[in-house]
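Worksheet for the structure shown next.
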Amino acid sequence: MTVAPSLAAGVAKRPWLMKLLTPIASWYTNAAGYRQMGLRADDLISEEDETVLKALSRLPARESYDRIYRIRRAQQLSLQQKILPKAEWTKAAEDQPYLSPILEQLAAEASEKTALDTLTILKKN
Amino acid sequence: MICRPALSRGSQLALRRQGAAKVAQRSFAAVASPKASYEPTNIAGVKVASRDDNGPTTRLAIVAKAGTRYEPLPGLTVGLEEYAFKAGLSNTQKRSALRITRESELLGAQLNAYHTREAVVLQANFLREDLPYFAELLAEVIAETRYTTHEFHEEVVGVIHQKQARLDAAAIALDAAHSVAFHTGLGAPLYPTTSTPVSSYLNESSVAAFADAAYTKANIAVIADGASEAGLSKWIEPFFKAVPAQSPSSVTTAASKYYGGEQRVAKTGPNSLVIAFPGAALGANQPETAVLVGLLGGESTIKWSPGFALLSKATAAAPGATAQASNHAYSDAGLLTIQINGQAAAVRKAAEEVVKALQSVVEGGVSQENLVKAVAKAKFDLLSASEVSGTGLVHAGANLIHGGQPLQVVEAIKALEGVTGDKLKAAAKTLLEGKASVAAVGDLHVLPFAEELGLKRSGVNVELASTVTPSAQPPKMTFAWKAAGITYNRYLAVASRVVRRSLKEDKRLIAERRGQQQLRFAKWTNGKQGEIKNLAEANAAAAVESAAAGGTA
């Protein structure tokens, strides 16, 4: 999975900036419209990728079922040109990452493998 | 280069020392005073046994009381073994399986995890100066392995299936013999077969719970072969701090009791027969069992000669079979087994010869010459087991975790030398008079029953026809007409005639008329038409002939 460069870590370090940007960020996320379709942010990650497929295979059964349900519901809504009633929108508290932690773990595994595959031994004596 | 912070203190130290430390050379003085036995000590609550011959390599092992005997649910020991660093599986909190493998390769070491009926063994063989690295690694594997779901599904299950596919008749027969000899506990199979229902018991959380119970200071022993005591006491204390002293759920099992009996398992492929008797337990003072095993022997140790061993002489009469005697010693019981493998008929013949050989020992005793040879063989087996192969290490660990003392080699040798012909004869007599455990795996049509061999067994015959291979043929159905040797057409003609004749008079006439036919036929041979016959007449004529001759109708 290719991840765009993110400023999130830098922002999180500075409380004043965090305070300033949080309302803008939440406005932006709501404006993106996926929450009105009952989706979570991690549902938007493209499946056409070996790493994502592997991460999906590692999801717990319940999580996987719920994900498929959300996506099918969103598809149906998209077909009908509708959005969910407001009570069923994804709330900010529900919009937790469930796939990205596994993706990060897989990326760490891959980078460790590359590092170990290409290491150079330096003899000290 | 391995990134620096990723390496822990012990491994950094080991890497720094590599090359700088001089490999300890075996001196002549060391040869003059070899330390054959493991010396037990206790370092920071961990039971440690060590032996140092000042060689350049070290074998360090953690022996945990978590063998199949102690597993609360079937398959957990196997799961524990597969989760350990073997096959690059375990991800400990600090480093991944891949890192463990690569770092060990850089240090030129071998990592191995295996299990016996009583213990799970995590072993590392490495160069002497790398002790800190591997002491830390082993401690980390038992204290900090993460039993993750995805590794269970992606790796562990696959390895277990591969190993199950490799289980042969010999392994299944040995498991079956243990099962009838000890029922539960030691009777649990060493490796579950494909037909053992383990999937409902074996999962990552049950393995993790078992690991919590098994990997505690009270439950493990650290065995070091070729490591200095100073090094051990220096490194074990800091690294094994994370291992809990005790667990709320400890591993327990009932004391072993010998039952005996018979089990037969149908299986395609090679055949195996195990004849087992109560043997010598670990630390039991029964030198005559070891000498008897030496006398029974197995494959000849000398080329081009059957040797003196009774079993190799017995199998010489049955080409195609091999026999091997061994004593499986456990903490509170032992099992002396004679295993015969090969083609079914040869196994049967060899089994008969083996029992005859045992009876000859009981009746005629052994010659002085053979006794000397058997004692020498037993001595060699004992010493080479404790020196060369890993069994000495595992036995020392098994003794320690069960509260015993490691085998004292000098005393054991002295005991072996004290065995006389009479003692041997008495031991063989007790075996044959007691209940035997017999397990036959393979072609049950040929393999003998214990009673046919002249062995005593317990009153109840535990016979199981649990087929291990699902491809067993269903019994072939034969039809009565086929058995009678007539064709199907003739069979139909006979059957319909009988039905018609059994009808009442008026109905019969109608039916017979219906059966009248005006068909005619001719046999063509070599392109020329033969005589034209009426089918009904030909049928009647053929019915008069013997049933076997029919065919033209």
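Bear in mind that the values in this text are calculations on the coordinates, not laboratory data. These numbers come from a predicted model, not from an experiment. Heads up, the Cβs are rebuilt from the backbone with ideal geometry, glycines too, and the neighbour counts pull from every protein chain shown.
In a simple Cβ point-charge model (Lys, Arg +1; Asp, Glu -1; nothing else charged), chain A has a dipole of about 440 debye relative to its Cα centre. A Cβ-based charge dipole, computed about the Cα centre of region A:33-90 with Lys and Arg at +1 and Asp and Glu at -1, lands at about 340 debye.
Reported value for chain A: 159 Å³ per residue, from the convex hull of its C-alpha atoms. Cα convex hull, region B:107-242: 151 Å³ per residue, rounded to a whole number. Put simply, the protein assembly as shown fits an ellipsoid with semi-axes of 60, 51, 21 Å; these come from the alpha carbon gyration tensor as the roots of five times its eigenvalues, largest first. Could I have the simple spin-label model distance between A:Q75 and B:K241, label points 7 Å from Cα toward Cβ, reported in nm to one decimal? In this crude spin-label approximation the distance works out to 5.6 nm.
Distance between the pseudo-spin-label points of B:E531 and B:K303 (7 Å out from Cα toward the beta carbon): 7.8 nm. For an R0 of 51 angstrom, estimate the FRET efficiency from the Cβ-Cβ distance between A:A8 and B:A171 and round to the nearest 0.05. Computed FRET efficiency for A:A8 and B:A171: 0.35. Label zone of A:E88 (point 7 Å out along Cα→Cβ, amide N under 15 Å): in region A:29-48 this covers A:35-40. The GNM of chain A, with springs linking C-alpha atoms under 10 angstrom apart, assigns the highest mean-square fluctuation among A:R40, A:R58, A:R70 to A:R58. Our estimate of slack between B:Q110 and B:T184, defined as 0.36 nm per intervening residue step minus the Cα-Cα distance, is 23.2 nm.
Remark: mean inter-chain Cβ contacts per residue of A:112-119 equal 4, using a 10 Å Cβ-Cβ cutoff to other protein chain atoms. Its DSSP H runs of at least 4 residues, each contributing -39,500 (n - 2.57), put the calculated 222 nm mean residue ellipticity of chain A at -18000 deg cm²/dmol, to the nearest 500. Model label sites at A:K113 and A:I24, defined 7 Å from Cα along the beta-carbon direction, differ in position by 4.0 nm. Under 12 Å from a point 7 Å along the Cα-to-Cβ line of B:A541: which residues of region B:520-535 have their amide N that close? Taking a point 7 Å out along Cα→Cβ of B:A541, the residues of region B:520-535 whose backbone N falls under 12 Å are B:521-523, B:531-535. Averaging the sequence gap over all C-alpha pairs within less than 8 Å and six or more residues apart, then dividing by the number of residues, gives region B:267-392 a relative contact order of 30 percent. Rounded to 0.05, the FRET efficiency of the B:T194 and B:K482 pair, given R0 = 30 Å and the Cβ-Cβ distance, is 0.25.
Of the residues B:V243, B:G158, B:S326, the one whose Cα sits farthest towards the positive end of the charge dipole of the protein assembly as shown is B:G158 (charges of +1 on Lys and Arg Cβ, -1 on Asp and Glu Cβ, taken about the Cα centre). Here's the picture: charge each Lys and Arg Cβ at +1 and each Asp and Glu Cβ at -1 in chain A, and of A:S46, A:A93, A:S78 the one pushed furthest to the positive end of that dipole is A:A93. Of the peptides B:63-75, B:252-264, the order by per-residue mean of other Cβ atoms within 10 Å, starting with the highest, comes out as B:63-75, B:252-264. Here the translational diffusion coefficient of region A:33-90 follows from Stokes-Einstein with Rh set to the Kirkwood radius across Cα pairs; for 10 °C and 1.306 mPa s it amounts to 131 µm²/s. Sorted on the mean count of surrounding Cβ atoms within 10 Å across their residues, most packed first, peptides A:96-107, B:351-362 read B:351-362, A:96-107. Farthest toward the positive end of the dipole of the protein assembly as shown, out of B:L174, B:A44, B:A143, is the Cα of B:L174, where the dipole comes from beta carbon charges about the Cα centre.
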